[in-house]
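Structure first, commentary second.
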Amino acid sequence: MYVFITKVSFILLVCTIYSCNPLKNLSKDQWLLRKNEIIEGTEKRTEEALYNLLIQQPNTYIFGSPLKLNVSNLSKKPGRDTWLNRIGEQAVLIDQKSTNRSIERLQAYYKSLGYFNASVNAIQQNHPRKQKATVRYTIDKGRAFVIDSVKTIFYSKDLDSLYKSIKGRSFIKKGKIFSYEDFKAERDRISNLAKDHGIYNFQESAVSFSISRDTIQKNKDSLLFVLLSVRNPKENNETVSKPYRIKKIKRVNLYTDIPYNTPKTALDSIKHNGFTIFYKDKLRYKPKAITDPVYLLEGDIYAEYNRQLTFRKMSSLNTFKYPNISIAEIEGAPNLLAEIYLNSKDTYAAQVNLDVTHSNIQRLGLAFSSSLMARNIFGGAEILSLSGRGSVGILGDAALSSEKYLSEVGVDVNLNIPNLWFPFISLKGLLSKNSLPQTKISLGTSFQKNIGLDKQTLNITYGFNWSPSDFLKFNASLLEVQYVQNLNPERFFSVYGTTYNRLNTLAQDYTQDPIFEAFFDPITTVIGELTIPQGAANFIETFLTTQDNNSEQYKEIQRIEERKNRLIENNLISSSQLTLIKNNKKEITDPDFYQFRAKIESAGNLLSLLSNIMPVEENESRTKLIAGVPYAQYIKTELDFIKHWRVGRDKVLAFRSFGGIAIPYGNASTIPFARSYFAGGSNDNRAWNAYALGPGSTNNLNDFNEANFKLAFNLEYRFPLLGAIKGALFTDAGNIWNALDGVNDPERSFQGVSSLQQIAIGNGFGIRYDFTYFVFRLDVGFKTYNPSLENSKRWFRDYNFANSVINIGINYPF
């Protein structure tokens, strides 16, 4: 009843908002701005950047209705600071002064492109029956002005020589149409050229341009003469006669943890690799640790790029507060003195976090973590951290547990070394210092309760990461060991209820058989329920040793037994992997970017090599064991591409494609559950619950449906609704299959191009609330194309609210 009342209330609210008349409060001479149009010649322009120049923008329309305006009109106090007015919008009424200012902006824009004689007019086109109108801006660009000649004057001989050496890269050239952006880019180019080639004190304001038109020759009034001049530096706002000069670095001094106002005579110092390090009483760092990040070297020509790189490297150590780098001329000498001031952060730091969490098997959770960090633990700017964590959560449907809550506790030890480190071997020079290489070593363990069979996990990781640029990152795990122990394997048939029901259904023909009747619950013999765990296990063992192995029933029970053994066995995974991440995201909030991730992982090769050298155990199937546990052996690769397009003000079209495959070989015929793929859930195909889609055309065959090959595609349109409330429309497609892993079932296995018809498609809509630091997400997915149904019933068969799936998530899915 409560759900019914809530749905009806929501529908009535939507109807009320959409039925509001946005024009009811307008006087006869007021017109609501419905649309802006920009016509250049005979062509309609659609670029968002051009429309952003207009002073007045129409009210936001959602599905043909000015939703925000209607919400604001519900307020009984128009124009006041009320909640409805804050999340809504005031009516945008056409104003002639604003239109004139828009005309001026458009003219200025076209002048910046070289159309100095461009003319702009605005026409208001009123609706014949309603008080709303379109403002159409018509533009006559006229003739473009072209650069006819460029002359340069440099008051500095050094800078003049620099400029001429790469003059061909200039943005300002004869024959090019005038563009303000080209002149701005040329000023930046000259500034960077100077600062990166020894002119440390170059001032961008020294670059000036003088532009004149040809007013003598007929028909050449659109030609421009450009005079580029670079003046001498200014001191106290006055230009001095002393020209810019290329200078070298004479000395580099580093100061570590020097108390304020301490005279230099009271400091101790040491020299190391051309650097002088000053300190008070005791130097806390190995000299190499604080000189390696410095790219300003004695005897080198000064380069601003190296100064920024030094700052970036020092900051990445997470050991010092804001580094201060000072560059000054040495009095009476033609060279420079570089001084770097380093103040250490606290050696020890504690942190406590409390987070709200969500996952595919957890509806809602509360996670607590605390950590203790020790900086410069070995004198080389290393960071050692010890952290403990714990969480409790409410289980979701995908958890398949009779319990309502889950819990997890864990502890981790991490060591971060600010360079490449390998025992007994020097890796210096293997990677450029510019790429900020780091070594990460970690050891951790965790215990989970009420998730599957309950488990303990032990993880050991040793690897490197480096970033050749802000847009390219690499992660290389030389060794990643994971040991997973299932603590309660006897609970298999209690936890995996779907698998038990399949087995129990197959066993119904044997409830009265003397060989099998002891395996059933004597109280429910009529129903024929196998007892758990012993009855189910004994039934499988007896059946597989006494029955016809060619029957379909035998093969099905054999598959159940194989799956049970695979999921209850402990896992030992020893792998190496390399991950590349490339993107062009300029800042965190950049709405227009792409990201590409490629990963390759190989597991079991090191253990396979050791097993060939030293004797190891083998089980009955000739699988080799390490400490009684079979080790996994496979190769895995993944490709992930994400692209965001800005398609309007605060509107984004987001796309994601993913492909991954893990192929077992050698000591393994299957992939460990922890390394396999699943489909469905809040970050995948949202028309299916997590683990409920696939493999192939199977219909929720098991409790946790997983496989070793996956394809996924997502397209989502995101748009604003009311204030911090955002909306989304999405289409998800994908599935999982078994491939090259010994599974021959055509419903589950990838058979080539023909299997692409098993790609499931879901559509839906979402509501999101932006809390600034995170986004709370509610998505509703509908099954558009369901490959588990008959061919004639796959399209829109379950496309209704009764079969829809509600997903709750934190932050955007991609």
_I'd like to verify a number: residues in the range 452-486 that are open to solvent by 40 Å² or more (accessible area, probe 1.4 Å), in contact with a strand residue (DSSP E or B) (Cβ under 6 Å, 6 or more places away or on another chain) and not in a strand (DSSP E or B), how many?_
1
*Within the range 559-602, track down each residue that is closer than 18 Å to A662 by Cα, out of contact with any helix residue (DSSP H, G or I) (no Cβ under 9 Å at 6 or more places or on another chain) and β-branched (V, I, T).*
T579, I600
_Pairs, first over 15 Å from N121 (Cβ atoms) and open to solvent by less than 60 Å² (accessible area, probe 1.4 Å) in the range 39-50, second of a type outside the set (A, V, I, L, M) and in a loop (DSSP other than H, G, I, E, B), C-beta under 8 Å, six or more apart_ = E48/R649
*asked:* What's the total number of residues in the range 113-133 that are loosely packed, with under 15 Cβ neighbours inside 10 Å and touching a residue at least 24 places away in the same chain (Cβ under 8 Å)?
replied: 4
_Report every pair of residues separated by at least 6 positions or lying on different chains whose Cβ atoms are under 6 Å apart, first residue within the range 748-768 and at positive phi and without any contact (Cβ under 8 Å) to a residue 40 or more places away in the chain, second part of a loop (DSSP other than H, G, I, E, B) and open to solvent by 40 Å² or more (accessible area, probe 1.4 Å)._
none
_Suppose the filter is open to solvent by 60 Å² or more (accessible area, probe 1.4 Å) and either in contact with a Pro (Cβ under 7 Å, 6 or more places away or on another chain) or in a helix (DSSP H, G or I) (or both); does E490 pass it?_
yes
*Counted residues, the range 540-557 - those being without any contact (Cβ under 8 Å) to a residue 40 or more places away in the chain and open to solvent by less than 70 Å² (accessible area, probe 1.4 Å)*: 7
*Which numbered condition L530 misses (of (1) without any contact (Cβ under 8 Å) to a residue 40 or more places away in the chain; (2) surrounded by fewer than 16 Cβ atoms within 10 Å (Cβ to Cβ))*: (2)
*Filter result (farther than 20 Å from L436 by Cβ, in a loop (DSSP other than H, G, I, E, B) and open to solvent by 40 Å² or more (accessible area, probe 1.4 Å)) within the range 301-332*: E331, G332
*For M614, all conditions in the list (1) under 24 Å from A662 (Cβ atoms); (2) aliphatic (A, V, I, L, M); (3) without any contact (Cβ under 8 Å) to a residue 12 or more places away in the chain hold save one; what is the number of the exception?*
(1)
*When only residues in the range 781-814 that are in contact (Cβ under 8 Å) with a residue 60 or more places away in the chain and over 24 Å from N702 (Cα atoms) count, which is nearest to the chain's Cα centre (by Cα)?*
F814
*Residue satisfying condition, being surrounded by fewer than 17 Cβ atoms within 10 Å (Cβ to Cβ) and not charged (D, E, K, R), within set N800, N807, N786, N763*: N800
*Take the range 651-684 and flag every residue that is of a type outside the set (A, V, I, L, M, F, W, C) and assigned to a strand (DSSP E or B).*
K651, R656, S657, G659, G660, P664, Y677
*Those residues that are surrounded by 15 or more Cβ atoms within 10 Å (Cβ to Cβ) and assigned to a strand (DSSP E or B), I need them from the range 252-286; list them, please.*
V252, N253, L254, Y255, T256, F275, T276, I277, F278, Y279
*One residue from A537, A518 being open to solvent by less than 70 Å² (accessible area, probe 1.4 Å), farther than 30 Å from A49 by Cβ and more than 33 Å from the chain's Cα centre (by Cα)*: A537
*Look at T579 and say whether it is β-branched (V, I, T) and either farther than 30 Å from I642 by Cβ or in a loop (DSSP other than H, G, I, E, B) (or both).*
no
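The values are calculated or read from the model by the stated rules, or taken from the named source; none is laboratory data. Values in this document were obtained by computation on a predicted structure and should not be read as measured data. Ideal geometry is used to build each Cβ from the backbone, glycine not excepted, and the neighbour counts take in all protein chains shown. For the accessible areas, the whole protein counts, side chains as well, though only heavy atoms, and no ligand, DNA or RNA atoms are used. Shrake-Rupley method; radii C 1.70, N 1.55, O 1.52, S 1.80 Å.
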